[in-house]
Amino acid sequence: MSLFTPVTVGRMQLQHRLALAPMTRNRAQPDGTPGPLAAEYYTQRASLGLLITEGVQPSEDGQGYMNTPGIFTDAHRDGWREVADSVHAAGGHLVLQLMHAGRVSHPDNTPHHRQAIAPSAVSTGGQIPTPSGMQDAPVPREMTTEDIASVIADFRHAATTAIAAGADAVELHGANTYLLHQFLSPSSNQRTDEYGGSVENRSRFVVEVATAVAEEIGADRVGIRISPGLTMGGIDEQGTTGEQYRDLVARLTPLGLAYLHVLQQDDEDLLRDIRAAWPTALLVLRTSRTRETLTQDLDAGLADVVPLGRWALANPDIVERLRTGAELNEADRTSFYGGGAAGYTDYPTLVG
């Protein structure tokens with residue numbers, strides 16, 4: 001399968017099989033409105049076609065880190081409208097990643113300074129950056145069933161606001177140790193009610209969020225990201241990875257979502273089973289890709305789209321560089337999080 005053949009993802013008609021992977025950049029304004037350079041940053045990368053944004057919190061309780069953007073107020077909507085309009089004018093599509101951090105948070109990082117919420121009152125066991133430096137991640141408050149219903153409503157509202165802002169779709173962040181992932185992992189979900197205790201129960205919250213958002217904005221404008229087998233931030237799937245994600249995918253499949261985005265670890269049999277079960281577009285991200293292995297999942301029929309992270313961060317014109325075989329800029333790790341234009345909008349392109 002050629003990297004440069006068109007593909008349909010939900011309502012989006014794409015000209016090739018590349019996409020921008022979501023990457024936290026911590027450059028939002030204090031109120032969660034996208035920063036003044038956000039439109040330029042995403043528009044520079046519009047040739048990727050499918051642009052999945054950094055994680056965007058669906059509520060005040062959803063914020064985990066400093067200076068991350070939101071999508072639940074009028075100001076947020078208007079800020080993202082500027083980004084979406086600019087990306088569309090440059091020929092790209094914008095997908096807002098809805099990310100509730102759950103227990104990966106600290107009161108000092110949020111506007112209300114409340115205790116974080118999570119499936120169970122279990123800390124990550126690690127530290128998190130705050131305005132005063134690294135601090136231990138506090139123990140979160142276990143969510144009640146009323147909290148769960150409220151968070152689902154927050155996701156509904158955020159999705160509606162994203163579409164009102166001009167986004168083409170949303171991606172539910174069910175990966176990388178954040179709230180939806182916390183419900184899937186036995187180490188973070190120690191509940192004994194209908195949302196914990198079994199594989200089926202641990203899938204329930206994720207499926208309910210996806211169902212609600214699909215009802216709200218249309219299933220063909222909803223993607224979801226998962227990271228089976230990822231161990232970080234206190235997440236340990238305790239030998240349940242294969243069973244858990246086969247169950248989750250089976251429950252998500254009938255919804256007819258636009259796409260599934262897999263952050264692939266090392267279980268190739270699981271990826272093959274997901275590919276066989278999933279009826280729409282499959283995005284597969286591997287962090288160890290080289291130019292020589294870039295198309296391996298496309299060629300094997302295991303993926304329809306290949307998202308790019310650091311390559312795209314450091315090379316606004318990554319599509320042209322890959323098409324022509326040009327040399328790639330190196331990413332500056334010191335400017336990944338926070339700051340201004342340096343390491344954000346100032347990477348050089350082939351044409352100057």
- Among the residues of the range 312-344, write down those that are among the hydrophobic types (A, V, I, L, M, F, W, C) and not in a loop (DSSP other than H, G, I, E, B). 312, 313, 314, 318, 319, 322
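For the range 215-258, which residues satisfy the criterion of being hydrophobic (A, V, I, L, M, F, W, C) and outside any helix (DSSP H, G or I)? Break it down into steps so the answer makes sense when it comes.
Step one: list which residues in the range 215-258 are hydrophobic (A, V, I, L, M, F, W, C), which gives 217, 219, 222, 224, 226, 230, 232, 235, 248-250, 252, 255, 257-258.
Listed by number, the residues that qualify are 222, 224, 226, 230, 232, 235, 257, 258.
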- Among what's in the range 24-44 and is touching a helix residue (DSSP H, G or I) at 6+ places or on another chain (Cβ under 6 Å) and over 24 Å from residue 150 (Cα atoms), pick the residue that is surrounded by the most Cβ atoms within 10 Å (Cβ to Cβ). 34
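So if I check each of 156, 141, 221, 225, which one is buried (at least 23 other Cβ atoms within 10 Å of the Cβ), at pLDDT 95 or above and either basic (Lys, Arg) or more than 26 Å from residue 21 (Cα to Cα) (or both)?
Within the list 156, 141, 221, 225, the selection yields 225.
If you scan the range 72-92, which residues turn out to be part of a loop (DSSP other than H, G, I, E, B) and surrounded by fewer than 16 Cβ atoms within 10 Å (Cβ to Cβ)?
Initially, the range 72-92 is screened for residues part of a loop (DSSP other than H, G, I, E, B), giving 72-73, 90-92.
Across the range 72-92, the qualifying residues are 73, 90, 91.
Could you tell me how many of the residues in the range 275-302 are assigned to a loop (DSSP other than H, G, I, E, B) and either basic (Lys, Arg) or in contact (Cβ under 8 Å) with a residue 40 or more places away in the chain (or both)? Before you say what the answer is, go through the steps one by one.
First, the residues of the range 275-302 that are assigned to a loop (DSSP other than H, G, I, E, B): 278-280, 286-295, 300-302.
Retained after the next criterion (residues that are either basic (Lys, Arg) or in contact (Cβ under 8 Å) with a residue 40 or more places away in the chain (or both)): 280, 286, 289, 291, 294-295, 301.
Residues flagged as assigned to a loop (DSSP other than H, G, I, E, B) and either basic (Lys, Arg) or in contact (Cβ under 8 Å) with a residue 40 or more places away in the chain (or both) within the range 275-302 amount to 7.
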- Message: Need the failing condition index for residue 272 against (1) part of a helix (DSSP H, G or I); (2) surrounded by 15 or more Cβ atoms within 10 Å (Cβ to Cβ); (3) out of contact with any Phe, Trp or Tyr (no Cβ under 9 Å at 6 or more places or on another chain), just the number.
- Response: (2)
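Here is a yes/no grid of residues against (1) at pLDDT 95 or above; (2) hydrophobic (A, V, I, L, M, F, W, C); (3) farther than 21 Å from residue 172 by Cα; (4) surrounded by 15 or more Cβ atoms within 10 Å (Cβ to Cβ):
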residue	(1), (2), (3), (4)
268	yes, no, yes, no
289	no, no, yes, yes
303	yes, yes, no, yes
317	yes, no, yes, yes
351	no, yes, yes, no
- What do you reckon, is residue 175 in contact (Cβ under 8 Å) with a residue 12 or more places away in the chain, in contact with a Pro (Cβ under 7 Å, 6 or more places away or on another chain) and of a type in the set (A, V, I, L, M)? no
- Which numbered condition trips up residue 69, out of (1) of a type outside the set (D, E, K, R); (2) under 21 Å from residue 156 (Cβ atoms); (3) in contact (Cβ under 8 Å) with a residue 60 or more places away in the chain; (4) buried (at least 24 other Cβ atoms within 10 Å of the Cβ)? (3)
- Task: Could you list, in sequence order, all residues of the range 11-20 that are surrounded by fewer than 23 Cβ atoms within 10 Å (Cβ to Cβ) and either assigned to a loop (DSSP other than H, G, I, E, B) or in contact with a Leu (Cβ under 6 Å, 6 or more places away or on another chain) (or both)?
- Result: 11, 14, 15, 16
- Message: So, in the range 130-158, how many residues would count as being in contact with a His (Cβ under 9 Å, 6 or more places away or on another chain), outside any helix (DSSP H, G or I) and within 24 Å of residue 72 (Cα to Cα)?
- Response: 1
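Taking the criterion of being assigned to a loop (DSSP other than H, G, I, E, B), closer than 26 Å to residue 346 by Cα, more than 18 Å from the chain's Cα centre (by Cα) and in contact (Cβ under 8 Å) with a residue 12 or more places away in the chain, would at least one residue in the range 36-45 satisfy it? Talk me through it step by step, then tell me what you get.
Initial filter on the range 36-45 (assigned to a loop (DSSP other than H, G, I, E, B)): 36-37, 45.
Then keep just the ones that are closer than 26 Å to residue 346 by Cα; that gives 36-37, 45.
Right, trim to more than 18 Å from the chain's Cα centre (by Cα) and you get 36-37.
Applying the additional criterion that residues be in contact (Cβ under 8 Å) with a residue 12 or more places away in the chain yields 37.
Among the residues of the range 36-45, at least one is assigned to a loop (DSSP other than H, G, I, E, B), closer than 26 Å to residue 346 by Cα, more than 18 Å from the chain's Cα centre (by Cα) and in contact (Cβ under 8 Å) with a residue 12 or more places away in the chain, which makes the answer yes.
The values are calculated or read from the model by the stated rules, or taken from the named source; none is laboratory data. As the structure is a computational prediction, the values presented were derived from the model and not from experiment. Every residue, glycine among them, receives a Cβ derived from its backbone with ideal geometry; neighbour counts consider all protein chains shown.
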